[in-house]
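Below is one structure, written out as structure tokens; the observations come after it.
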Amino acid sequence: MSVTLRSQADRPSPEETFSAACGHGRQAAVLAAVESLLGWDERTMMPARAGGYRAEQVAALAALVHRQRTAPEQGERLARLADGPLVRTGPEEVAGTIRLLKRDFDKQARLPPRLVEEMAKTCVEAQQAWAVARAESSWPKLRPWLERIFALKREQAACQLPDRDPYDALMDDYEPGSRWQDVAARFDRLRGQIVTLVQECVGARDRPEDGLLRLNYPIDAQQRFVREVAAGIGFDFDRGRLDTTDHPFCSTAGPDDCRITTRWDERFLPTALFGVLHEAGHGLYEQGLPREWYGLPPGEAASLGIHESQSRLWENMVGRSHAFWQWCFPLAQRAFPEALGGATADALQRALMTVSPSLIRVEADEVTYNLHVMMRFDLERELVHGTLEVADLPAAWNDRFERDFGIRPPNDAEGVMQDIHWSAGLVGYFPTYTLGNMFAAQLMAAAERAIPDLHRQIAAGRCSGLLEWMRDHVHRRGRLLESEALVEEATGEKVSERWLVESLRSRYRPAHGLG
């Protein structure tokens with residue numbers, strides 16, 4: 001018996017090992033993109049009775065993606081690279097790719113394949129159950145699915161990051177490095193200031209009215225209008241598309257394949273318009289990531305909080321502004337001559353500044369929106385920690401909603417079942433919405449300082465200046481920095497909730513005659 005030992009000279013160089021690790025990661029990204037495409041189809045085009053087999057398809061593909069991501073040879077490559085010269089002296093993109101691929105590998109490798117398949121299958125089935133249960137406002141039809149999902153998510157947390165609080169472990173998938181206690185402290189500081197502003201706006205004598213938004217807006221005209229708006233802010237329809245769904249989302253199935261969705265209400269214009277502005281904001285981020293790094297950390301979003309900063313910035317800080325409606329109102333008036341023929345840009349923009357506590361998060365005004373998010377953050381954390389049972393969730397939801405908003409949901413469809421997130425297994429996702437609002441306000445303030453005539457540009461229909469600033473300071477940075485470090489680098493200041501409070505107060509107090 002003879003043994004052939006490979007000499008040091010025959011071993012691949014660090015550069016060759018890095019190239020092989022990147023190739024492996026890109027192949028995993030190809031499979032993950034197919035998985036994403038199945039998810040998009042499920043929410044837009046899939047026949048109603050196809051859900052059972054789609055669950056089997058998604059589970060099989062999730063298992064395949066997991067095997068690719070946790071292949072032993074990839075683990076060996078990353079271990080060698082993590083101890084090698086490239087991570088210490090290589091270019092930022094190279095060192096960051098090694099560090100983050102190794103981190104991702106370690107997290108994924110701790111997940112048993114059985115759990116990966118079961119979670120993927122259950123989430124598809126639960127989303128189908130959610131659609132039926134919500135349509136019928138039937139909590140008993142959804143409850144067993146949520147009980148199963150929260151049990152699986154607790155198991156996932158214990159496997160992936162066993163040394164962390166389970167909610168921190170789940171939140172890490174969306175906002176890497178974050179800790180719920182830090183987020184809760186920041187939200188507590190924010191909540192009181194928002195409640196005060198809500199009370200001031202609701203009690204104002206000169207409140208905006210939104211009747212102009214509740215006229216007849218034919219859906220076919222809306223479809224043409226929102227595409228024109230999305231293209232106007234920079235969304236590239238040669239690299240993306242817009243479709244209809246029951247809960248808007250953005251999904252990427254390749255470097256040139258970004259899918260955005262919305263839903264329609266011919267009696268309330270903001271439903272589709274702001275759904276599209278929000279999802280197009282996500283799409284602009286996806287389309288602005290470094291294409292040559294697709295499937296690797298420099299070509300991936302920094303976090304869901306940063307993703308939300310982009311969507312909420314375009315939806316609210318641009319989409320509700322005077323400047324935006326100077327450009328957009330003529331488009332709207334042409335699209336809806338009966339509803340807007342006698343209206344003005346100022347009247348429509350002011351109608352969009354209405355503040356009124358309401359039941360549905362995705363249709364909430366910009367000021368009360370964060371109260372919806374913070375409530376969900378608290379409830380899902382209690383579910384993960386076991387201090388609240390799924391069976392008791394509707395009552396807890398209704399009590400908290402009444403305390404925060406002064407309204408008690410009349411049914412579960414407009415209450416605890418309105419969001420798809422928990423049915424989709426997105427536990428730990430909700431806080432990223434308010435974190436995103438905070439990041440957006442700070443980024444927008446920095447962009448305004450950097451581009452003194454920014455609002456004049458937007459009023460003239462030129463959004464490219466703002467988009468290019470975001471490309472340079474956010475999009476092209478990929479995932480090389482965690483959220484707070486990225487925002488601090490882009491703005492020159494540590495992250496603070498004060499930017500969001502100042503933004504809301506400076507825009508909504510004058511709109512309500514409060515100076």
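The values are calculated or read from the model by the stated rules, or taken from the named source; none is laboratory data. On a predicted model such as this, the values are computed, not experimentally measured, just so you know. Methodologically, a virtual Cβ is constructed for each residue, glycine included, from the backbone with ideal geometry; neighbour enumeration extends over all protein chains shown. For accessibility, only protein heavy atoms count, side chains too; no ligands or nucleic acids. Shrake-Rupley method; radii C 1.70, N 1.55, O 1.52, S 1.80 Å.
Laid out as a table, the results:
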item: FRET efficiency for ARG509 and ASP220, using Cβ-Cβ distance with R0 set to 30 Å, rounded to 0.05; result: 0.20
item: For segment 449-502, Kirkwood radius (reciprocal of mean inverse C-alpha pair distance, Å); result: 12.5
item: Mean-position separation - Cα centroids, segment 134-162 and segment 257-274, in angstrom; result: 28
item: Rg(Cα) / (2.2 N^0.38 Å) computed for segment 126-278, rounded to two decimals; result: 1.38
item: Segment 1-143 - convex hull of the alpha-carbon atoms, volume per residue in Å³; result: 161
item: Label-point gap, in nm, between GLU56 and SER464 - each point 7 angstrom along Cα→Cβ; result: 5.2
item: Surface share of carbon and sulfur [accessible, 1.4 angstrom probe, percent] for segment 88-236; result: 50
item: Charge tally in the Cβ shell below 13 Å around THR368, where Lys, Arg are +1 and Asp, Glu are -1, THR368 excluded; result: -3
item: Taking the chain and dividing mean pair separation by its residue count, relative contact order in percent (alpha carbons under 8 Å, at least six apart); result: 19
item: Estimated FRET transfer efficiency (ALA450, GLU200; beta-carbon r; R0 35 Å; 0.05); result: 0.65
item: Added length on full extension, which subtracts the Cα-Cα distance from 0.36 nm per residue, ARG103 to ARG408; result: 105.4 nm
item: Net charge of Cβ neighbours under 10 Å - reference ARG164; Lys, Arg +1; Asp, Glu -1; result: -3
item: Positive minus negative residues near ASP104 (Lys, Arg vs Asp, Glu; Cβ under 12 Å); result: +3
item: Folded to 0 to 90 degrees: helix 180-202 orientation relative to the chain principal axis, Cα; result: 10
item: Evaluated at q = 0.06, 0.07, 0.10, 0.11 Å⁻¹: base-10 log I(q)/I(0), Debye formula over Cα of the chain; result: -0.29, -0.39, -0.81, -0.99
item: Dipole magnitude of the chain about its Cα centre (Cβ charges: Lys, Arg +1; Asp, Glu -1), debye to nearest 20; result: 180
item: Cα-centre dipole for segment 248-298 with unit charges at Cβ (Lys and Arg positive, Asp and Glu negative), debye to 20; result: 120
item: The chain: angle of helix 51-69 to the longest principal axis, Cα-based, in degrees nearest 10; result: 50
item: Computed magnitude of the charge dipole of segment 1-152 (debye, nearest 20; Cβ of K, R +1, Cβ of D, E -1); result: 320
item: Built amide H within the under 5 Å cut-off of GLY240, gap 5+; result: CYS258
item: Accessible area expressed per residue, segment 387-500, with surrounding protein chains retained (probe 1.4 Å, Å²); result: 37
item: Extension gain, ASP392 back to GLU76 (0.36 nm per residue minus Cα-Cα distance, nm); result: 109.1 nm
item: D_trans [Stokes-Einstein, Kirkwood Rh over alpha-carbon pairs] for segment 160-212, 37 °C, 0.692 mPa s, µm² s⁻¹; result: 234
item: VAL132 paired with GLU92, simple spin-label distance in nm, labels 7 Å along Cα-to-beta-carbon; result: 5.1
item: Relative contact order (percent, whole number), segment 290-431, Cα cutoff 8 Å, 6+ residue spacing; result: 17
item: Prolate/oblate/rounded label for segment 191-346 (Cα gyration tensor, a/c 1.5); result: oblate
item: Heavy-atom accessible surface of segment 315-371: percent carbon and sulfur, 1.4 Å; result: 51
item: GLU228-GLU292 pseudo-label distance in nm [points 7 Å out on the Cα-to-Cβ vector]; result: 3.9
item: Three-way shape call for segment 9-87 based on the alpha-carbon gyration tensor, with the a/c threshold at 1.5; result: prolate
item: Vicinal HN-Hα couplings computed from phi for segment 365-380 (Karplus, 6.51 cos²θ - 1.76 cosθ + 1.60; Hz; Gly/Pro x); result: 5, 5, 6, 7, 3, 5, 5, 4, 5, 5, 5, 5, 4, 5, 5, 5
item: Protection proxy ranking of 242-249, 183-190 - average other beta-carbon atoms within 10 Å, highest first; result: 242-249, 183-190
item: For segment 334-480: rounded, prolate or oblate by the Cα gyration tensor [a/c cutoff 1.5]; result: oblate
